[in-house]
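This report refers to the structure that appears directly beneath it.
The values are calculated or read from the model by the stated rules, or taken from the named source; none is laboratory data. Just so it is clear, the model here is predicted, and its values are computed rather than measured. Methodologically, a virtual Cβ is constructed for each residue, glycine included, from the backbone with ideal geometry; neighbour enumeration extends over all protein chains shown. For accessibility, only protein heavy atoms count, side chains too; no ligands or nucleic acids. Shrake-Rupley method; radii C 1.70, N 1.55, O 1.52, S 1.80 Å.
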Amino acid sequence: MTPENINKLILEAKEARKASYCPYSGFAVGAALLTADGRVYRGANIENASYTPTVCAERVAFFKAVSAGERKFKAIAIVGGNADMPISDFTPPCGVCRQVMSEFCGGDFKVILSDGNTSKLFTLAELFPEVFTLN
Ligand code: THU
(Lines give C-alpha, C1' and ligand atoms only; values in the text may rest on other atoms or scores of the structure.)
Protein backbone atom coordinates (compact mmCIF):
# COMPACT_ATOMS: atom_id res chain seq x y z
CA MET A 1 0.00 0.00 0.00
CA THR A 2 1.20 3.52 -0.74
CA PRO A 3 1.54 6.05 2.10
CA GLU A 4 -1.36 7.96 0.47
CA ASN A 5 -3.63 4.90 0.60
CA ILE A 6 -2.66 4.26 4.19
CA ASN A 7 -3.42 7.84 5.20
CA LYS A 8 -6.76 7.75 3.38
CA LEU A 9 -7.80 4.62 5.25
CA ILE A 10 -6.76 6.14 8.59
CA LEU A 11 -8.91 9.20 7.79
CA GLU A 12 -11.86 6.89 7.09
CA ALA A 13 -11.28 5.18 10.47
CA LYS A 14 -11.27 8.58 12.20
CA GLU A 15 -14.58 9.42 10.51
CA ALA A 16 -16.00 6.03 11.51
CA ARG A 17 -15.02 6.68 15.14
CA LYS A 18 -17.44 9.63 15.27
CA ALA A 19 -20.34 7.12 15.22
CA SER A 20 -19.05 5.17 18.23
CA TYR A 21 -21.70 4.36 20.86
CA CYS A 22 -19.62 4.03 24.03
CA PRO A 23 -21.51 5.49 27.02
CA TYR A 24 -20.06 2.84 29.41
CA SER A 25 -16.34 2.87 28.67
CA GLY A 26 -16.05 6.31 27.09
CA PHE A 27 -13.52 4.67 24.74
CA ALA A 28 -14.42 5.37 21.10
CA VAL A 29 -12.99 3.18 18.35
CA GLY A 30 -13.25 3.54 14.57
CA ALA A 31 -12.25 1.08 11.87
CA ALA A 32 -12.09 1.27 8.09
CA LEU A 33 -11.91 -2.02 6.18
CA LEU A 34 -10.57 -1.98 2.63
CA THR A 35 -11.80 -4.70 0.24
CA ALA A 36 -9.74 -6.23 -2.56
CA ASP A 37 -11.61 -4.15 -5.13
CA GLY A 38 -11.22 -0.87 -3.29
CA ARG A 39 -14.43 -0.45 -1.33
CA VAL A 40 -14.26 0.77 2.27
CA TYR A 41 -16.58 -0.39 5.07
CA ARG A 42 -16.60 1.65 8.26
CA GLY A 43 -17.23 0.36 11.78
CA ALA A 44 -17.49 1.85 15.25
CA ASN A 45 -17.78 0.12 18.62
CA ILE A 46 -21.31 -0.34 19.90
CA GLU A 47 -21.71 -0.88 23.65
CA ASN A 48 -24.59 -2.23 25.70
CA ALA A 49 -25.88 -1.77 29.26
CA SER A 50 -25.47 -5.52 29.71
CA TYR A 51 -21.79 -5.12 28.67
CA THR A 52 -21.17 -8.50 27.00
CA PRO A 53 -23.25 -7.73 23.87
CA THR A 54 -20.74 -4.94 23.08
CA VAL A 55 -19.18 -5.29 19.64
CA CYS A 56 -15.81 -3.85 18.65
CA ALA A 57 -15.40 -1.44 15.76
CA GLU A 58 -13.37 -3.94 13.74
CA ARG A 59 -16.04 -6.62 13.91
CA VAL A 60 -18.77 -4.14 13.00
CA ALA A 61 -16.77 -3.24 9.87
CA PHE A 62 -16.20 -6.92 9.00
CA PHE A 63 -19.79 -7.96 9.58
CA LYS A 64 -21.13 -5.05 7.54
CA ALA A 65 -18.83 -6.01 4.67
CA VAL A 66 -19.38 -9.78 4.85
CA SER A 67 -23.15 -9.34 5.08
CA ALA A 68 -22.96 -7.18 1.97
CA GLY A 69 -21.35 -10.09 0.15
CA GLU A 70 -17.68 -9.09 0.43
CA ARG A 71 -15.18 -11.88 0.94
CA LYS A 72 -11.76 -10.47 -0.05
CA PHE A 73 -10.00 -7.92 2.09
CA LYS A 74 -6.73 -6.01 1.89
CA ALA A 75 -6.37 -3.95 5.03
CA ILE A 76 -8.03 -2.42 8.06
CA ALA A 77 -7.18 0.87 9.77
CA ILE A 78 -8.05 1.25 13.47
CA VAL A 79 -8.07 4.30 15.72
CA GLY A 80 -9.29 4.61 19.29
CA GLY A 81 -9.13 6.54 22.51
CA ASN A 82 -11.12 8.61 25.00
CA ALA A 83 -14.25 9.81 23.21
CA ASP A 84 -13.75 13.40 24.34
CA MET A 85 -10.11 13.63 23.35
CA PRO A 86 -8.14 13.57 20.14
CA ILE A 87 -6.48 10.24 19.37
CA SER A 88 -3.15 10.05 21.17
CA ASP A 89 -2.21 6.37 21.34
CA PHE A 90 -2.33 3.22 19.24
CA THR A 91 -5.31 0.84 19.58
CA PRO A 92 -4.36 -2.69 18.53
CA PRO A 93 -7.26 -5.05 17.80
CA CYS A 94 -8.44 -7.36 20.61
CA GLY A 95 -7.98 -11.11 20.36
CA VAL A 96 -11.57 -11.80 19.33
CA CYS A 97 -11.28 -9.33 16.43
CA ARG A 98 -8.00 -10.96 15.36
CA GLN A 99 -9.79 -14.32 15.29
CA VAL A 100 -12.58 -12.82 13.12
CA MET A 101 -9.99 -11.28 10.77
CA SER A 102 -8.34 -14.69 10.43
CA GLU A 103 -11.65 -16.21 9.31
CA PHE A 104 -11.73 -14.02 6.21
CA CYS A 105 -8.12 -12.93 5.64
CA GLY A 106 -4.77 -14.53 5.01
CA GLY A 107 -1.57 -13.74 6.84
CA ASP A 108 -0.72 -10.94 4.40
CA PHE A 109 -3.80 -8.88 5.42
CA LYS A 110 -2.57 -5.50 6.71
CA VAL A 111 -3.54 -4.00 10.06
CA ILE A 112 -2.85 -0.27 10.23
CA LEU A 113 -2.75 1.56 13.56
CA SER A 114 -2.52 5.29 14.10
CA ASP A 115 -1.90 7.35 17.24
CA GLY A 116 -3.14 10.45 15.42
CA ASN A 117 0.38 11.33 14.45
CA THR A 118 2.29 8.33 13.20
CA SER A 119 1.16 4.98 11.89
CA LYS A 120 2.27 1.38 12.31
CA LEU A 121 1.57 -1.39 9.85
CA PHE A 122 1.43 -5.07 10.78
CA THR A 123 0.49 -8.18 8.86
CA LEU A 124 -2.19 -10.39 10.36
CA ALA A 125 0.45 -13.15 10.48
CA GLU A 126 2.49 -10.99 12.85
CA LEU A 127 -0.47 -10.18 15.09
CA PHE A 128 -2.11 -13.60 15.02
CA PRO A 129 0.18 -16.53 14.27
CA GLU A 130 -0.79 -20.23 14.49
CA VAL A 131 -4.43 -19.74 13.51
CA PHE A 132 -7.01 -22.30 14.59
CA THR A 133 -8.89 -23.79 11.64
CA LEU A 134 -11.18 -26.77 11.23
CA ASN A 135 -9.16 -28.13 8.27
N1 THU B 1 -12.89 -2.01 21.44
C2 THU B 1 -12.92 -1.99 20.08
O3 THU B 1 -13.83 -1.44 19.46
N4 THU B 1 -11.92 -2.62 19.42
C5 THU B 1 -10.88 -3.29 20.02
O6 THU B 1 -10.09 -3.94 19.35
C7 THU B 1 -10.71 -3.21 21.47
C8 THU B 1 -11.86 -2.64 22.23
C9 THU B 1 -13.98 -1.33 22.17
C10 THU B 1 -14.88 -2.25 22.94
C11 THU B 1 -15.41 -1.34 24.01
O12 THU B 1 -16.56 -0.67 23.51
C13 THU B 1 -14.31 -0.31 24.22
O14 THU B 1 -13.44 -0.44 23.12
C15 THU B 1 -13.54 -0.50 25.50
O16 THU B 1 -13.07 -1.80 25.61
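Below, the figures for the structure above:
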{"quantity": "Simple label model, 7 Å out from Cα along Cβ direction - Leu121 to Ala19, nm", "calculated": "2.6 nm"}
{"quantity": "Spin-label model distance (nm) - Arg39 vs Asn82, 7 Å beyond Cα toward Cβ", "calculated": "3.8 nm"}
{"quantity": "5 angstrom amide H check on Phe73, placed H, neighbours 5+ away", "calculated": "Ala36"}
{"quantity": "Net charge dipole size for segment 46-130 [Lys, Arg +1 and Asp, Glu -1 on Cβ; Debye, nearest 20]", "calculated": "320 debye"}
{"quantity": "In sequence order, calculated HN-Hα J values of segment 128-135 (Karplus, 6.51, -1.76, 1.60; Hz; x Gly/Pro)", "calculated": "8, x, 6, 6, 6, 9, 9, 7"}
{"quantity": "For segment 21-89: accessible area per residue (Å², 1.4 Å)", "calculated": "51 Å²"}
{"quantity": "Heavy-atom accessible surface of the chain: percent carbon and sulfur, 1.4 Å", "calculated": "54 percent"}
{"quantity": "Relative contact order computed over the chain (Cα-Cα under 8 Å; 6+ residues apart), in percent", "calculated": "20 percent"}
{"quantity": "Candidates per trypsin sites (Lys or Arg not before Pro) in segment 56-121, loop by DSSP, up to 14 other Cβ within 10 Å", "calculated": "Arg71, Lys72"}
{"quantity": "Pairwise FRET efficiency - Glu4 versus Phe63, Cβ, R0 = 25 Å, nearest 0.05", "calculated": "0.35"}
{"quantity": "Rounded to whole Hz, the Karplus (6.51, -1.76, 1.60) HN-Hα couplings of segment 13-18, x for glycine and proline", "calculated": "5, 5, 5, 4, 4, 4"}
{"quantity": "Neighbour cut-off at most 15 other Cβ (10 Å), DSSP loop, chymotrypsin sites (Phe, Trp or Tyr not before Pro), segment 60-133", "calculated": "Phe132"}
{"quantity": "Restricting segment 101-135 to GluC sites (Glu not before Pro) in coil, as DSSP defines it, with at most 10 other Cβ within 10 Å", "calculated": "Glu130"}
{"quantity": "Charge-dipole axis of the chain as Lys and Arg at +1 and Asp and Glu at -1 on Cβ define it, positive-most pick from Ala77, Ala36, Ile6", "calculated": "Ala36"}
